[in-house]
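The values are calculated or read from the model by the stated rules, or taken from the named source; none is laboratory data. This one's a predicted model, so the numbers in the text were calculated from it and none came from an experiment. Reconstructed Cβ throughout: ideal geometry from the backbone, glycine too, with neighbour counts over all protein chains shown.
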Amino acid sequence: MKICGVHFANNRPVLLQSLMTLRAALLASIVINFIIFPAILAMIEVWGDLTLVIDNIIIFIPYSMSICHLFTMWYNRKEISELFSEMKKDWTAQKNILQHEIMVQNAKISMNIIRFAYIIAALLVAMHNIPFWIGGIIPRTLTNLTDGERPLLMQTYYFYDVSVYMNFRLTAIGQSMSSSTAAMCYTTAGCIFYTFVLHVCGQLKILKHFIENIFNNNDNKNEISEKTLARLIKISVKRHQKLIKFSGIVENIFNMMFLQQFLGMMITISAEGFLIISMLVGDVEVPVVGLGFVVIYVIYCMIMTLMYCTGGEYLIASSNALHSAAYNSLWYNSGQTFRMEITMIINRAQRPLYITAGKFSPISLTTFTKFMKTTASYMSVLLAVKS
């Protein structure tokens, strides 16, 4: 996100923070001026032709979402910085071998998923830009309504004459820069969310082991003191409250972003599926590179959506495991006061932690299946309208 002009360090000088904000505004203006606004004008020009409108939508919606992702990261940069600080405290705090292994395992999973997401994003940008710059191949449907003598990468309409060589080159460079910026913003925002969720899940797993073993030494041979037991329960409650607050901040940052994410991806994937079928049956003539680009585009959109849903599902499962851990602990070896306290932990843990899409619905694997069913139904409607 530093490349996109968003820095999460609050201790930087005001001048440097202003320069970073200026960089973010500059990159956002490039995407808006070279892609989003011209795409709206192009949609007006091609309105009435379903194939051309869909060709426009699969560019306009993802680029708009990437700007929304960038704005979300910039607007909540202080809160995100606080979350990273909390993560740093957890990593530097004293912990045993099991706790260290759990955190390292989740960190490795997060890094592997982040690398995979960036590789797919880089491949997508490369397949969209390299054929154009090397062989002049346009990975989309061409039309006389918006394309002049020299077609551009995206279906756009400008107020100036793009057939002039210098105007064409500068516009093409602007579109290529926009695609790289959009891919970085879109992917990085999702990876930051996944990093936070996996960290919370790791801490919940550590807390689960802690609660399971909190009464283990409280037997007749080695009786733990009431003072020590009270301290251990207090630690577990504080850590649980800390994780609840952490996940609440993540929810406040990302819930509106996920609402537009699911709505936008639902339209985009259904439109891309319709376009792929149209290409395969011969209704739409595009180069092989264009077909490959659209296929990878669909895979990328589905992977990012699935990544959010698996993160949400993992968070729900990890938080639900706490009440089972408290119930399975040797609470019957303790006094009545501590039994009441552990009951309160069980009651609170029965309300799982989750991330919602716009405060409407928790994101989980169930949400993903419903999302794919709705997307498939929309795609069938488009095919019926086309036929």
Matching option when the condition is modelled with pLDDT of 80 or more, polar (S, T, N, Q) and in a loop (DSSP other than H, G, I, E, B), among Ser178, Ser163 = Ser163
Has the range 322-343 got any residue that is under 18 Å from the mean Cα position of the chain (by Cα) and either at pLDDT below 90 or under 26 Å from Lys208 (Cα atoms) (or both)?
-> no
Within the range 235-264, which residues are over 18 Å from Ser85 (Cβ atoms) and either free of Cβ contacts under 8 Å to residues at least 60 places away in the same chain or among the β-branched types (Val, Ile, Thr) (or both)?
-> Ile235, Val237, Leu263
Selection from the range 84-104 of residues among the small types (Gly, Ala, Ser) and modelled with pLDDT under 85 yields Ala93
Here are some residues: Phe246, Phe293. Which one is part of a helix (DSSP H, G or I), of a type in the set (A, V, I, L, M, F, W, C), at pLDDT below 90 and touching a helix residue (DSSP H, G or I) at 6+ places or on another chain (Cβ under 7 Å)?
-> Phe293
Among the candidates Thr171, Thr141, residue that is polar (S, T, N, Q) and at pLDDT below 80 = Thr141
The range 8-43: number of residues that are closer than 29 Å to Ser380 by Cα, touching a residue at least 60 places away in the same chain (Cβ under 8 Å) and either out of contact with any Phe, Trp or Tyr (no Cβ under 9 Å at 6 or more places or on another chain) or surrounded by fewer than 20 Cβ atoms within 10 Å (Cβ to Cβ) (or both) = 1
Do you know which of the residues in the range 302-320 that are within 20 Å of Gly358 (Cα to Cα) and of a type in the set (S, T, N, Q) is modelled with the lowest pLDDT?
-> Thr305
Any chance Ile58 is out of contact with any strand residue (DSSP E or B) (no Cβ under 6 Å at 6 or more places or on another chain), at pLDDT 85 or above, part of a helix (DSSP H, G or I) and of a type outside the set (Lys, Arg) | no
